[in-house]
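Undergrad: Here it is, the structure, as structure tokens.
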Amino acid sequence: MENIDRISSGINGIDKLLYGGFIKNSINSIVGSSGTGKTTFALAYLQQGIMAGDDVLYLSFEEEPKKLISEGKSLGINLEEKHENISEVIHLVESEKIVEFMTEILPALAKKLKTQQVKHTRIVLDPLTPILWEFTSEREQRRVLTKVYNYLSSLGTVLQTVEEPNAFGQTDIGASETRVPIYLSDTVIHIQNLGLGGKYNRTCKVIKSRKTAHLEGIYPLRFNYGTGIEIETGVEHETSFNAYLVERKKEILEKLKLWSKSNDKKQRAIAEIGIDLIKKPNRKNQETTYEIIKLLADSGIVQEVKR
Amino acid sequence: MQVNSGIVSNRSLKKVVKGLINDVIFEIKGIPDFLLIAFTSKYKRSDYKKALELITQETGIKNLIGGTFPTIGVQNEIPTTQGGAAFTFKGNEIKVQRPVIYKNIRTKKKKFISEFPRIYNSIKAKSKISFVLSTGPKLQPNAMEQLKLLDSYPAIKYQNMFNVLGSGLEWFLGKQGLGTGSYIDELLNYLAINNVSDLIGGATFDIDLQDNYQFVNNFIHSNSLVGTSFSSDTIKFGHSWAFDKSEKTREYSITHKLKSGYIQKINGERANNQLLQIMDLPSNIYNEFFERFSYANALYLSGIKEEDGDYHPFMTANHPKLKGVVSTLPPSKITKKPIKAELFTQSGLGIQRSAYECANKAVKEIINPKFGIFINCANRLLIAGDKIAEENKKLAERLGEDVPFITLYSGCEFSIFNKKPMYTTVSIHGLVAGE
Amino acid sequence: MSSINRIKSELEDLLELEDVEAVVLFRIDGSVIESSFDNNYTSRKIRVLQWCKDNIPRVSQEMRGNNLQKVTYELSDTCILFFAIGKIGILTTLANNTANLSLLAVETKRKASIIENYM
């Protein structure tokens, strides 16, 4: 929404589920078991960052950069084409260096970048799971991650992938392996693959989203050449009327109440219509209602009306 | 000959109508010769009116009849309880009479009795049949309370007097559009005497015994009868009926009854208790289950054995508030003598079998069926529940997979077979046209 | 209209039927795909819905294991119809205890067959 700075996730459906994308300088987690498409999410996020002109940093804790680039290519995410020095953007952190990297190198790097006042950076941690294995107690995980997240979120917006345990086909998002990153994240997106076929076999669900409303429910997800992943949300507009109201209702109502006491006749008329529309949203004419409220909230337009 | 039928289900009748126009009626090239429109019975009267106006306006149809029913089915689809269905045809082979309407049919029968046979008898063709839809059962909210009077001692002792009082009350209620469907029995007998040899029909119906409507072109009526006749020199009209008589259980004797079909005593004992005993249904369980419903009853199928060895089915309705039993016995079958009846057990499979039997008998002399119209009891629908589609599959199996047909789940079903009137409930009546 | 919106519309149709209080399309693991409720929220309804959500994995396992197309639960004041939709969905209709279950089952089955096309 207008009052919160957001960035596109690179996946249109996700932006709709979150009413406009990830919140800038937030920590976002993609949780899913093997083969659900977590890395594809991360690559799409990276591609979007490059296209938006952001600085980008991809920290891989498992796969070689080359492999990741070719994985992206197979889904139409051609990072080499979009970034001249893509191999400098994607870094592999070897498993024996993870502790050192997380406790020393990464905080130092973040501090340095911050002093250099780099522009908004998209940071990917893929997957976070090997880091969690290095810090077995939840308390330690929390201590390390809180520190790292503080540094990273001051630089930009973080997307991390978290492996969901999968025992004999039964996944468990509440398992101890995922608990701390979920707890510390601003947004958590759960992706699933039930292995039963059909549209609702692979799905995506926002299970947590701080500071902003999000669409409830599970939404079909499919791999798509070009964007990597496509999510069907059923939302035809960038933001739905309900979501708009959830976030702006109070704010708009306050503004309209002020206007209703104004000396300006036009302002009073606008307030009367607006209050009526907000209190009795007409389901059949959602689009029109949405447009009218959007107009009412736009100070430029109000000025124009007044003129 | 072009024939088509289809269902559209939606909470909005407007969407239903648009769907029916585009997907069913417009599939026929040119203005259809006949259109049967059936809507489920929970929409508003004003919505039906708008719907009919839209259909007649968009299609230019002049021969539309229809009504409201709790459920409607067509071939190859699960019936709908929220929507509508259209059945339509066009072709030189069949001549369709301009639809007629008789308002206040419960109380003003004269015009119908004199006019309808005249129209029917003026049709000269090798094969002809009338198709009518008439208003079905509609009761007041406190109907069960009022019926308690019929359990009183004077009502049992002075049956003749109560029959006279009853017919007066029937007339009074009939004027307000209230009553059962038994008036149709009388109409059928008159038509048969006046040489209407073949007819098939059903009663428009609401499952909660509330408003039901009849349609002619863009007019909507309640408490009326609408009808038309089909005739042809090349197409045959076969029709038949059947009911689920697969499991006969026990016999009983209706010893005290009124012309209205109210059964006061069975085997000389209060009918409600006696029937429950015959059915082996403990009264405490039955009372507990039905007490909370104002209308819902234990509905059971019985049959009167006729001279030809066949059975005439009727339904009995027990209600905890009553000592007697409400029945759909046709008034013409109610004599002073005790009536021997037998109890039947209905089953999902029996319903399917009887549907097949009805279609089978209707197509007996037809090699190449073109279409079918079936009037099926809403009670059979309640028994079949979500398996109701299986019944229509049986009809399709006999008619041919691609033969369009419509099934109206009605308040009562009736026919005249070669001048023999048949007013029944818990049954299926079917018309099949073909070569 | 997207298939998600079509599903939503079918659920809203069911909700319009007499005595129906809520309609929820669950995935077999208990996740809610889509839902539709009438406006009268009561603690009873919320309790029953929670009960449904908790029991969907078990009910769906039974339904798949025994090839059941429909399962009906009649609680003291609520009737619940579960209809299997393909391998992955369970259409759940909550109605009050005066509902005509036969008629409700006809329409729910019809809707289940329509929704299957969108899944």
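Undergrad: Out of everything in the stretch B:60-82 that is outside any strand (DSSP E or B) and more than 9 Å from chain C (Cβ to nearest Cβ), what residue ends up being farthest from residue B:208 (Cα to Cα)?
TA: It comes out as B:60.
Conditions (1) modelled with pLDDT of 75 or more; (2) farther than 21 Å from residue A:18 by Cα, marked per residue:
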residue: A:191; (1), (2): yes, no
residue: A:228; (1), (2): yes, no
residue: A:269; (1), (2): yes, yes
residue: A:305; (1), (2): no, yes
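Undergrad: Next question. Please enumerate the residues belonging to the stretch B:390-410 that are within 14 Å of another protein chain (Cβ to nearest Cβ), assigned to a helix (DSSP H, G or I) and crowded, with 18+ Cβ neighbours inside 10 Å.
TA: B:391, B:392
Undergrad: Just to be sure before I move on: is residue B:144 of a type outside the set (Gly, Ala, Ser), assigned to a helix (DSSP H, G or I) and either surrounded by fewer than 17 Cβ atoms within 10 Å (Cβ to Cβ) or touching a Gly at 6+ places or on another chain (Cβ under 9 Å) (or both) in the structure I sent?
TA: So residue B:144 does not fit the description; no.
Undergrad: Would you call residue C:12 free of Cβ contacts under 8 Å to residues at least 12 places away in the same chain, touching a Lys or Arg at 6+ places or on another chain (Cβ under 7 Å) and farther than 20 Å from residue A:205 by Cα?
TA: Answer is no for this residue.
Undergrad: Next question, about the same structure. Out of the residues in the stretch C:69-113 that are surrounded by fewer than 17 Cβ atoms within 10 Å (Cβ to Cβ) and within 9 Å of chain B (Cβ to nearest Cβ), which is nearest to residue B:290 (Cα to Cα)?
TA: Only one residue fits best here, namely C:98.
Undergrad: Can you tell me how many residues within the stretch A:131-164 are part of a loop (DSSP other than H, G, I, E, B) and touching a strand residue (DSSP E or B) at 6+ places or on another chain (Cβ under 7 Å)?
TA: Filtering the stretch A:131-164 down to residues part of a loop (DSSP other than H, G, I, E, B) leaves A:135-137, A:164.
Those still in the list that are touching a strand residue (DSSP E or B) at 6+ places or on another chain (Cβ under 7 Å) too: A:164.
Going through the stretch A:131-164 one residue at a time, the tally reaches 1.
Undergrad: Does residue C:46 satisfy the criteria of being surrounded by fewer than 21 Cβ atoms within 10 Å (Cβ to Cβ), of a type in the set (Val, Ile, Thr), without any contact (Cβ under 8 Å) to a residue 40 or more places away in the chain and more than 9 Å from every other protein chain (Cβ to nearest Cβ)?
TA: yes
Undergrad: For the stretch B:302-321, which positions are touching a strand residue (DSSP E or B) at 6+ places or on another chain (Cβ under 9 Å), in contact (Cβ under 8 Å) with a residue 60 or more places away in the chain and more than 19 Å from residue B:415 (Cα to Cα)?
TA: The answer is B:319, and nothing else.
Undergrad: Tell me which residues, restricted to the stretch B:13-72, are closer than 14 Å to residue B:214 by Cα and hydroxyl-bearing (Ser, Thr, Tyr).
TA: Passing the criteria: B:40, B:41, B:43, B:46, B:48, B:68.
Undergrad: Just for the stretch B:1-58: of the residues that are surrounded by fewer than 21 Cβ atoms within 10 Å (Cβ to Cβ) and small (Gly, Ala, Ser), which one is farthest from the other protein chains (Cβ to nearest Cβ)?
TA: Per the criteria, the residue is B:30.
Undergrad: What do you reckon, is residue C:31 of a type in the set (Ser, Thr, Tyr) and within 14 Å of chain A (Cβ to nearest Cβ)?
TA: Yes.
Undergrad: Between C:117, C:40, C:66, which is within 11 Å of chain A (Cβ to nearest Cβ), free of Cβ contacts under 8 Å to residues at least 60 places away in the same chain and either under 25 Å from residue B:72 (Cα atoms) or surrounded by fewer than 16 Cβ atoms within 10 Å (Cβ to Cβ) (or both)?
TA: Going through C:117, C:40, C:66 in turn, the sole match is C:117.
Undergrad: Could you tell me whether the stretch A:144-153 includes any residue that is away from every other protein chain (no Cβ under 13 Å) and within 23 Å of residue A:19 (Cα to Cα)?
TA: So the first thing to find is which residues in the stretch A:144-153 are away from every other protein chain (no Cβ under 13 Å), and the list is A:144-153.
Narrowing further to those that are within 23 Å of residue A:19 (Cα to Cα): A:153.
Yes.
Undergrad: On the basis of being among the basic types (Lys, Arg), part of a loop (DSSP other than H, G, I, E, B) and over 25 Å from residue B:393 (Cα atoms), does residue B:42 make the cut?
TA: When the stated conditions are applied, residue B:42 passes them.
Undergrad: Now, a different point. Within the stretch C:7-28, which residues are within 14 Å of chain B (Cβ to nearest Cβ) and basic (Lys, Arg)?
TA: Once the filter is applied, which keeps residues that are within 14 Å of chain B (Cβ to nearest Cβ) and basic (Lys, Arg), the stretch C:7-28 yields only C:8.
Undergrad: Still on this model: For the stretch A:27-38, give me each residue that is crowded, with 23+ Cβ neighbours inside 10 Å and out of contact with any Phe, Trp or Tyr (no Cβ under 9 Å at 6 or more places or on another chain).
TA: Of everything in the stretch A:27-38, those that are crowded, with 23+ Cβ neighbours inside 10 Å and out of contact with any Phe, Trp or Tyr (no Cβ under 9 Å at 6 or more places or on another chain) turn out to be A:29, A:31, A:36, A:38.
Undergrad: Can you tell me how many residues in the stretch A:197-229 are within 11 Å of another protein chain (Cβ to nearest Cβ) and out of contact with any strand residue (DSSP E or B) (no Cβ under 9 Å at 6 or more places or on another chain)?
TA: So the answer is 1.
Undergrad: With the structure loaded, tell me whether residue B:364 is closer than 30 Å to residue B:153 by Cβ and either of a type in the set (A, V, I, L, M) or in a loop (DSSP other than H, G, I, E, B) (or both) or whether it fails that test. Outline the logic, then answer.
TA: Values: closer than 30 Å to residue B:153 by Cβ: no; either of a type in the set (A, V, I, L, M) or in a loop (DSSP other than H, G, I, E, B) (or both): yes.
For residue B:364, the condition - closer than 30 Å to residue B:153 by Cβ and either of a type in the set (A, V, I, L, M) or in a loop (DSSP other than H, G, I, E, B) (or both) - is not met.
Undergrad: Go over the candidates B:381, B:329 one by one and state the one that is outside any helix (DSSP H, G or I), under 18 Å from the mean Cα position of the chain (by Cα) and either in contact (Cβ under 8 Å) with a residue 40 or more places away in the chain or surrounded by fewer than 18 Cβ atoms within 10 Å (Cβ to Cβ) (or both).
TA: B:329
Undergrad: Any residue that is under 15 Å from the mean Cα position of the chain (by Cα), within 21 Å of residue C:34 (Cβ to Cβ) and small (Gly, Ala, Ser) - is there at least one of those in the stretch A:182-202? Talk me through it step by step, then tell me what you get.
TA: Residues of the stretch A:182-202 that are under 15 Å from the mean Cα position of the chain (by Cα), as a first pass: A:182, A:184-191.
Okay, now just the ones that are also within 21 Å of residue C:34 (Cβ to Cβ), so A:189-191.
Next cut, small (Gly, Ala, Ser) only: none.
The answer is no; no qualifying residue exists.
Undergrad: Which residues, taken from the stretch A:271-286, are modelled with pLDDT of 75 or more and not hydrophobic (A, V, I, L, M, F, W, C)?
TA: Listed by number, the list holds a single entry, A:272.
Undergrad: Quick test for you: out of B:100, B:74, pick the one residue that is within 19 Å of the chain's Cα centre (by Cα), surrounded by fewer than 22 Cβ atoms within 10 Å (Cβ to Cβ) and touching a residue at least 60 places away in the same chain (Cβ under 8 Å).
TA: B:100
Undergrad: Residue check: is residue B:387 touching a residue at least 60 places away in the same chain (Cβ under 8 Å), charged (D, E, K, R) and either assigned by TED's automatic domain parsing to the domain that holds residue B:41 or more than 22 Å from residue C:108 (Cβ to Cβ) (or both)?
TA: So residue B:387 fails the test.
Undergrad: Here's a follow-up. Can you find even one residue in the stretch B:191-200 that is part of a helix (DSSP H, G or I) and closer than 30 Å to residue B:41 by Cα? Lay out the reasoning, then the answer.
TA: Of all residues in the stretch B:191-200, those part of a helix (DSSP H, G or I) come to B:191-193.
After this cut, where a residue has to be closer than 30 Å to residue B:41 by Cα as well, the list is B:191.
The answer is yes; a qualifying residue exists.
Undergrad: Of all the helices (runs of 4 or more DSSP H) wholly in the stretch A:63-128, which have at least 2 residues that are among the charged types (D, E, K, R)?
TA: In the stretch A:63-128, A:65-74, A:79-82, A:106-115 are the helices (runs of 4 or more DSSP H) which contain 2 or more residues that are among the charged types (D, E, K, R).
The values are calculated or read from the model by the stated rules, or taken from the named source; none is laboratory data. Predicted model only: the values in this text are computed from it and were never measured. Positions of Cβ are generated from backbone atoms using ideal geometry, with glycine treated the same way; all protein chains shown enter the neighbour counts.
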